[in-house]
Structure formats: C-alpha cells, structure tokens
Amino acid sequence: MVDNIDVDPGTGVGKKAVATDDVSGVQYQVIKLAIGGDGVANFASTATPLPVSLGTATVSATSGGFEYETVAASQTDQVMGATGAVGDYIEGLVCVVSTAATSQVQIKDGNGSAITVLPNAVGPGVGTYYVPLGLKCIAATTPGWKITTAAGVSVIATGDFT
C-alpha cells in the first residue's frame with residue numbers, strides 16, 4: 001500500500017496530505033515531536049534531544065551518587081555495607097565472568113531465599129554483564145543485602161548500603 005493519505009479539514013480549505021505509514025493495510029499517522037515553552041516548537045533531533053528523567057532513586061548526599069562494594073569470586077553471603085539494614089538499596093551488579101561454567105551470582109534480602117541473578121554457564125560466556133536491580137531491603141531478620149559468587153565471577157555492587 002501507499003504511505004500518506006489526503007484529509008479534508010473542512011469547507012473551503014481543500015485536501016491536505018497527512019504523513020502516514022502503511023502497516024498491513026492500516027495507516028498509522030507519522031508525527032514529529034517538538035518541545036519548548038509557550039509559542040516555541042523545537043523539533044526533537046540529535047541536536048535537540050527530548051528531556052528524559054530516569055526515576056527518583058534516593059542517592060547518598062555525602063557522595064553525590066551511589067556507593068559501590070566489590071565481592072571477590074567464591075564468596076558466600078557477603079553483606080553489602082558495614083552492617084546492612086532495612087531500607088538498604090541495591091541499584092545493580094557488574095558481574096565480571098572469568099570462567100563461564102562457574103559464573104553464578106545470587107543475592108539475598110536478609111536471611112531470605114537466595115535469588116539467582118546470573119546463572120552458571122551464562123550466555124556468551126566470559127565477559128562483563130550488568131544486572132539492573134533497583135531493590136530495597138525489607139527483611140528485618142539479619143537485614144541487608146548479601147551476595148554469593150561462584151569461583152568464576154567477581155562483582156561490583158552499586159547502591160546505598162549501611
């Protein structure tokens with residue numbers, strides 16, 4: 001089918017072409033995005049990107065961002081932060097896999113059940129993997145995030161830890 005359609009906006013104006021894209025016989029209107037204050041329209045482009053907000057995560061006021069903590073290979077239930085606490089925030093994990101067969105990484109919320117966030121024999125194998133989490137610790141029994149690593153992987157954890 002042909003893209004674009006004619007639309008009659010009303011008496012005395014005449015037909016005007018409207019940009020569309022034909023997808024399986026259905027016309028979808030093509031729209032350009034513009035941003036700006038009252039009376040201003042700047043078309044979105046690489047020179048004028050759309051403003052984007054990526055959320056409202058609380059960050060440490062003293063560091064200006066998230067903390068990080070390293071976890072070596074072959075660690076069991078390493079607590080993030082000095083003691084760990086309810087409300088601790090784990091933003092994500094950078095997992096550096098040196099041996100794919102033993103690449104498993106697990107997290108625990110306090111003494112909760114282990115959650116596998118990176119499996120053994122991970123995807124393409126040796127490499128660096130980012131695991132976004134965005135989770136708060138809610139377990140009150142021995143609170144805090146705990147990370148367990150297999151022999152072939154080390155981790156950099158980012159977040160706000162107590």
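Bear in mind these aren't lab numbers, they're just calculated from the coordinates by the rules spelled out. Computed from a prediction, not measured in an experiment: that's the story for all the values here. Using ideal geometry, Cβ is built from the backbone for each residue, glycine included, and neighbour counts are taken over all protein chains shown.
Candidates V23, T102, A85 compared by Cα position along the dipole of the chain: farthest toward the positive end lies T102, with charges placed on Cβ.
Summarised in one figure, the compactness ratio Rg/Rh of the range 1-42, Cα atoms and Kirkwood Rh, is 1.12. Computed from the alpha carbon atoms alone, the convex hull of the range 67-160 holds 73 Å³ per residue. For a straight C-alpha distance cut-off of 23 angstrom, the lysines reachable from K16 (same-chain residues fewer than eight places away being disregarded) are K32.
Counting Lys and Arg as +1 and Asp and Glu as -1, what is the net charge of the other residues whose Cβ lies under 9 Å from the Cβ of F66? Charge balance in the 9 Å sphere: -3.
Taking only C-alpha pairs under 8 Å that are 6+ residues apart, what is the relative contact order of the chain in percent? Show your work: numbers first, answer last.
Numbers: 354 pairs, mean separation 42.6, N = 162.
Worked out over the chain, it gives 26 percent.
Over all Cα atoms in the chain, the spread is summed up by Rg and Dmax: 25.3, 78 Å. With 0.36 nm allotted per residue and the present C-alpha distance subtracted, the V7-N42 stretch has 10.1 nm of extension available.
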